[in-house]
1. Any residue in region 113-138 that is surrounded by 10 or more Cβ atoms within 10 Å (Cβ to Cβ) sitting within a Cβ distance under 9 Å of a residue that is polar (S, T, N, Q) and part of a helix (DSSP H, G or I)? List the pairs, counting only those 6 or more apart or interchain.
2. Kindly indicate whether residue 122 is in a helix (DSSP H, G or I), over 30 Å from residue 22 (Cβ atoms) and among the small types (Gly, Ala, Ser).
3. Within region 62-79, can you find the residues that are surrounded by fewer than 17 Cβ atoms within 10 Å (Cβ to Cβ) and among the hydrophobic types (A, V, I, L, M, F, W, C)?
4. From the residues in region 60-96 that are among the aromatic types (Phe, Trp, Tyr) and over 15 Å from residue 36 (Cα atoms), which one is modelled with the highest pLDDT?
5. Applying the selection to region 90-109, what residues are within 16 Å of residue 24 (Cα to Cα) and touching a residue at least 60 places away in the same chain (Cβ under 8 Å)?
6. Would you confirm whether or not region 63-79 contains a residue that is in contact (Cβ under 8 Å) with a residue 40 or more places away in the chain and assigned to a helix (DSSP H, G or I)?
Amino acid sequence: METQQDILSIDWQVDDEVKNYLYQTSVLAKFVATLGMFFAVLTTGKTGFELVKMLLGYKEIFFSNYIIGTIIGALMAGAVYFVISLFTFRFAVKLQLSVKTTDQRAFNTAWHHFKMAYRSMGIMFIIYTALMLMIFLF
């Protein structure tokens with residue numbers, strides 16, 4: 001298990017310039033995460049609405065099953081993108097708090113959320129790549 005070091009304490013001498021960079025990073029991350037959550041909700045809702053309209057227009061069973069699968073896929077993709085944006089937003093909020101108050105626990109929590117966001121993106125990339133390979137090979 002890795003040890004948690006107190007990097008915001010006096011011993012490490014994190015100067016004001018580094019704190020400023022961390023704060024600017026958190027502001028930008030918060031902005032990007034907020035946009036990500038907004039667009040995840042917007043595109044998922046719009047896609048779901050349009051696909052439901054299409055579903056009401058078709059009578060064949062094949063198209064109905066295909067459209068239902070597409071709706072479920074779009075909702076799942078929107079949910080995953082929302083969760084990744086949520087982890088990024090949590091990272092930004094905790095990083096801002098830790099820089100303002102030199103709270104080491106909030107700083108560690110911020111980087112944990114950052115790690116979870118990128119872990120989620122990595123898992124989704126592997127799943128997406130595997131699905132694309134299966135589609136192209138079979």
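1. Pairs that qualify, where the first residue is surrounded by 10 or more Cβ atoms within 10 Å (Cβ to Cβ) and the partner is polar (S, T, N, Q) and part of a helix (DSSP H, G or I), are 113/88; 114/88; 117/85; 117/88.
2. In short, no.
3. 62, 63, 68, 72, 75, 76, 77, 79
4. Selected residue: 66.
5. 91, 92, 93, 95, 96, 98, 99, 100, 102, 107
6. Scanning region 63-79, I find no residue that is in contact (Cβ under 8 Å) with a residue 40 or more places away in the chain and assigned to a helix (DSSP H, G or I), so the answer is no.
The values are calculated or read from the model by the stated rules, or taken from the named source; none is laboratory data. Computed from a predicted model, the values in this text were never measured in an experiment. So basically every Cβ, Gly included, is an ideal-geometry build from the backbone, and we count neighbours across all protein chains shown.
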